[in-house]
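To keep things clear, I will list the structure first and then write my remarks on it.
What follows is calculated from the coordinates using simple rules that are stated; it is not laboratory data. Quick caveat, the model's predicted, so the values are computed rather than measured. We place every Cβ from the backbone using ideal geometry, glycine too, and count neighbours over all the protein chains shown.
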Amino acid sequence: MTKPAIIAVGKLHDRVIERLEDHFEMLRPASLDDVSPNDASRVEGAAVSGGFNAAAFQRFPNLKILSSFGVGYDAIDVKTAAEKGVVVTNTPDVLNDEVADTAIGLLLNTIRELPRAEAWLRDGHWKPGASYPLTRFSLKGRHVGLFGLGRIGEEIAARLEPFKVKISYHTRHRKDGVAYDYYASLKALAEAVDTLIAIVPKTEQTHKVINAEILSALGKDGILINVGRGWSVDEDALVAALGAGQLGAAGLDVFYNEPEVPQALLSMSNVVLLPHVASASMPTRRAMADLVADNLISWFKNGKAITPVPETPQR
Ligand code: A2R
C-alpha cells in the first residue's frame, strides 16, 4: 500500500521527521517553490513550524490536515484552511508547565534583578566591602494580574499562589470555579494591580492592547511580564513608559518583530529580555514534536486528530 505523502515545512524538530518517516512518504523541500505540481497534488498532510499562508494552502489541492508546532497558530491562515476543509492542529497543554515555570522565573528575574546581579559578579565587582545594590522591587505583597487565564495562565496562577501574592485576571469571559477577582476590562485590571503577566494569543483583538494607557495604569512601581506574543504590546509606548519612569520594569520573552529587539530596550537596565525561550527545553520541545507527529498519525489511522484548533474541522 502506498503511504500518504506529507510535506515538512519550516525548521522542524528532528523528532517530528523521525516519527513521521515510519508512517508516511516525507517530502522535505527547501522551499515550497521547489515542490512540483505533481508532488503538490499528492500531498495530503503537512507538518509545519512557522507560517502557512493562503497562497501555500492553494498550492496543495488535496491537503487534508496541517499539524503545526507550537500552541499559538497565528501564523497559519486558519480561515483559508476552514474554507478548504483542512483540519489544523496545534500543540497545547504539553508546554503549559514549561511556559508557566519560565514566566515565574522571568517575573523573579525582573523584580529581583538576578541576571544583572550575576553579571555584576562575573564582571568582578564583588570585592570586600562591595555589595550589589538593594533591588528597588520585591515580589512580596504584590497584586498580580493575569491577562489571559487559559491553559498556561492557570498554571502561572497556580505557581503564584505559594508566593502569597494577590491574584486577579482579565479574560473576555469570566471563568467558572475560579476564585481570583475578575475584571471585565484590561484597563480595570491594570488599574487594580501592580504587576501584569500577559499570556494571550495573537488575534485581531489583542493587537497592541498593552498600550500607554495600560502601562500608566500599572504605575511607576508597575511590572509588565509578557510570555504570550509581542503583538499584544505597543513597544514604543513601553519604551517611553520605562524611560520616563512611568512603569517600573518589564520582563519580555516575546517581541513585536522577532528576532528584532528595540535598541532602546537593549540599553535599559530595568528590563529582562529573553529570546522567546518559554517552552524551549529539550523535554518540552520533544513532547511538542511528538504531538505534531501523533496528530498526523492519528488522523490518517483513525480519522481523528488529537488537538484540532477550534476554527477548522474537528476531524
Ligand atoms: O477571552 P477568553 O475568555 O477566551 O480567555 C482567553 C484569553 N483571551 C483574551 N482575554 C482578553 N481579551 C482577549 N481579546 C482575549 N483573547 C483570548 O487568553 C484565555 O483565557 C487565554 C488563552 O488561553 P488558551 O487558548 O488556553 O491558550 P494557552 O494555551 O494558555 O496559550 C496562550 C498563548 C498562545 O496562543 C501563544 O500565543 C502563547 O500563549 O504561547
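Protection proxy ranking, highest mean first, for peptides 270-277, 128-135: 270-277, 128-135, where packing is the per-residue count of other beta-carbon atoms within 10 Å, averaged.
Taking a Cβ cut-off of under 11 Å around residue 94, the surrounding Lys, Arg, Asp and Glu residues balance to a net charge of -2, with basic ones at +1 and acidic ones at -1. Counting every C-alpha pair in segment 19-79, the share spaced more than 17 angstrom apart comes to 38%. What the Cα convex hull of segment 217-315 gives, in volume per residue, is 131 Å³.
Volume of the convex hull of segment 1-156 (Cα atoms only), normalised per residue: 173 Å³. Using equal-weight Cα scatterers in the Debye expression, the normalised intensity of the chain in log10 at q = 0.06 Å⁻¹ is -0.25.
The share of C-alpha pairs in segment 38-123 whose separation exceeds 16 Å stands at 63 percent.
Computed from Cα atoms, the angle from the helix 282-302 axis to the main principal axis of the chain rounds to 30 degrees.
Can you tell me the relative contact order of segment 59-206? Whole percent, Cα pairs under 8 Å, sequence separation 6 or more.
That works out to 22 percent.
Protection proxy ranking, highest mean first, for peptides 139-147, 154-162: 139-147, 154-162, where packing is the per-residue count of other beta-carbon atoms within 10 Å, averaged.
By how many degrees, between 0 and 90 and to the nearest 10, does the Cα long axis of helix 96-112 differ from the longest principal axis of the chain? Compared with the principal axis, the helix lies near 20 degrees. For a straight C-alpha distance cut-off of 19 angstrom, the aspartates and glutamates reachable from residue 220 (same-chain residues fewer than eight places away being disregarded) are 113, 191, 194, 234, 235, 236. Contact order, relative form, for the chain: 19 percent (alpha carbon pairs under 8 Å, 6 or more residues apart, mean separation divided by residue count).
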